[in-house]
Amino acid sequence: MGDAAEDLAKAQALPEGDVIRVLLEQHAQIRDLFTQVKSSEGETKHHAFDSLRALLAVHETAEEMVLRPVSEKVAGEGVAKARNDEEAEANEFLAHLEKMSLEDPDFAAQFAAFEEAVDKHAEAEESDEFPRIISTCDEEQRQKMGRKIKAAEATAPTHPHPAVEPSSMQQKMVGPFAALVDRAKDAIAKAG
């Protein structure tokens, strides 16, 4: 299992706004949100899960649209395809989790398997892609990529609307993972 503090330490060694710094900071946030979901109950757990879904939607979409085209060139088509395939599987798994009640006895086991897959994916990115992006792309390129990812991040809700009950039909309609992905894609396209 990766460590959020380690991700933040790596991130802080890079310039502010650098795409790899932004992604490492997001990896740390994702790891923290997994911990919050596992250690919380009731409304707090629902809010943490909604925040995790929103961040994953932005993060994975941004990687697919901003990072992967560059990774394909510098790390190879196989590396980029493997990461995109892992993200597609994670998106399907998350869509399945969205349909479950967080109080369902099976949720904890399924959520743990999901966390393990996401962590393995992040570790692969950090070892196979990020070093090649850093060594191949100049700081200006990495800053431009970072701005696109930050634009997507700014459009995604980080918390469900406070007036909407977390388990309500309205919340499910407002924030399913697929809708969050669409918003992130739109933001990246506008930032490009």
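Quick notes on this structure:
- Put in order of Cβ neighbour count within 10 Å, fewest first, the listed residues Glu6, Glu125 become Glu6, Glu125.
- Shape of segment 1-103, Cα gyration tensor, a/c cut at 1.5: oblate
- Label-point separation in nm, Ser40 to Lys190, each point 7 Å along Cα→Cβ: 2.7 nm
- Neighbours of Pro15 by Cβ distance under 15 Å: Lys/Arg scored +1, Asp/Glu scored -1, total 0.
- Listed pairs Lys10/Lys150; Lys45/Lys73; Lys45/Lys144 exceeding 30 Å between Cα atoms: Lys45/Lys73; Lys45/Lys144
- Inter-site label distance for Ala109 and Ala88 at 7 Å from Cα along Cβ, in nm: 2.8 nm
- FRET efficiency for Glu6 and Glu140, using Cβ-Cβ distance with R0 set to 30 Å, rounded to 0.05: 0.65
- Neighbour-count order for Leu55, Leu24, fewest beta carbons within 10 angstrom listed first: Leu55, Leu24
- Between segment 68-145 and segment 1-27, the C-alpha centres lie 15 angstrom from each other.
Taken together, the values in this text are just the output of simple stated rules run on the coordinates, not laboratory data. Source: prediction; values computed, not measured. Note that each Cβ is placed from the backbone with ideal geometry, even for glycine, and that neighbours are counted across all protein chains shown.
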